[in-house]
Amino acid sequence: MTDKELLLLAIKARESSYSPYSGFAVGAALLTRDGKVYTGANIENAAYTPTICAERVAFFKAVNSGERDFVKIAVVGGKRGEAISSLCAPCGVCRQVMAEFCRDDFIIVAGTPDDIKTYTLKQILPDYFGPKDLK
């Protein structure tokens, strides 16, 4: 699957965002090594702390379904009801979740359909704390 195809799936997933407080809708599409795609959208809560990001929704759906081998994730975000116009990078908590389940060469795709950027997990979260640290 191309980066653009995955990004377009993240844009579609963004339509499910429940973001009445921030008005910032985020979508994610997570690709497994065997070609399955799990999507997610951010879900806010009036108490804020229970809010969950789109990336974690996609990861937790996949992990709950038994998946453990991930290739890349596309992430998009912006004001609800408006077209994607800029890069939306994963937050630190989502990066840490990626570190739990992915290798250093896991790819993060972000941007717009016309301006796609890619990063590895190692690039966006160098020297992270992970399972290797608990051995």
Within straight cross-link reach of residue 4, meaning Cα distance under 24 Å, which lysines are found once same-chain residues fewer than 8 apart are removed?
12, 36, 61, 72, 79, 117, 122
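Using helices alone, I'd like the mean residue ellipticity at 222 nm for the chain: each DSSP H run of four-plus residues gives -39500 (n - 2.57), total over residue count, nearest 500. Don't jump to the answer; show the numbers that get you there.
Working: 4 runs with 37 residues, N = 135.
Helices in the chain give a 222 nm mean residue ellipticity of -8000 deg cm²/dmol.
Grab the eigenvalues of the alpha-carbon gyration tensor for the chain, scale each by 5, take roots, and send me the semi-axes largest first in whole angstrom.
On the way: eigenvalues 97, 61, 39 Å².
After scaling each eigenvalue by five and taking roots: 22, 17, 14 Å.
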For segment 30-42, Karplus couplings with θ = phi - 60° (6.51, -1.76, 1.60), whole Hz, Gly/Pro x:
10, 9, 8, 4, 8, x, 6, 10, 10, 10, x, 9, 5
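Give, in nm to one decimal, the length gained when the segment between residue 34 and residue 61 is fully stretched (0.36 nm per residue of separation minus the Cα-Cα distance).
Working: separation 27, 0.36 × 27 = 9.72 nm, distance 1.57 nm.
Answer, rounded to one decimal: 8.1 nm.
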Using θ = phi - 60° and the Karplus relation 6.51 cos²θ - 1.76 cosθ + 1.60, list the HN-Hα couplings for segment 126-135 in order, rounded to whole Hz, with x at every Gly or Pro.
x, 6, 6, 7, x, x, 4, 7, 9, 8
Using a Gaussian network model of the chain whose springs link C-alpha atoms within less than 10 Å, name the residue from 52, 73, 108 with the highest mean-square fluctuation.
52
Pick from 109, 26, 93: which is most flexible by mean-square fluctuation in a GNM of the chain where alpha carbon atoms under 10 Å apart are linked?
93
Can you work out ³J(HN,Hα) from phi for every residue in segment 92-100, in order, using Karplus 6.51 cos²θ - 1.76 cosθ + 1.60 and θ = phi - 60°, giving whole Hz and x for Gly and Pro?
x, 5, 5, 4, 5, 5, 4, 5, 5
Using label points projected 7 Å from each Cα along Cα→Cβ, tell me how many nm separate residue 120 and residue 21, to one decimal.
3.7 nm
Residues whose placed amide H lies under 5 Å from that of residue 88, excluding near-sequence neighbours
77, 111
Contact order relative to length of segment 3-134, as percent, for alpha carbon pairs under 8 angstrom and 6 or more apart
22 percent
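Quick note: the coordinates plus some simple rules give every number you see, no bench work behind them. Owing to the predicted nature of the structure, the values given are computational and were not obtained by experimental measurement. Glycine gets a Cβ as well: all are built from the backbone with ideal geometry, and neighbour counts include every protein chain shown.
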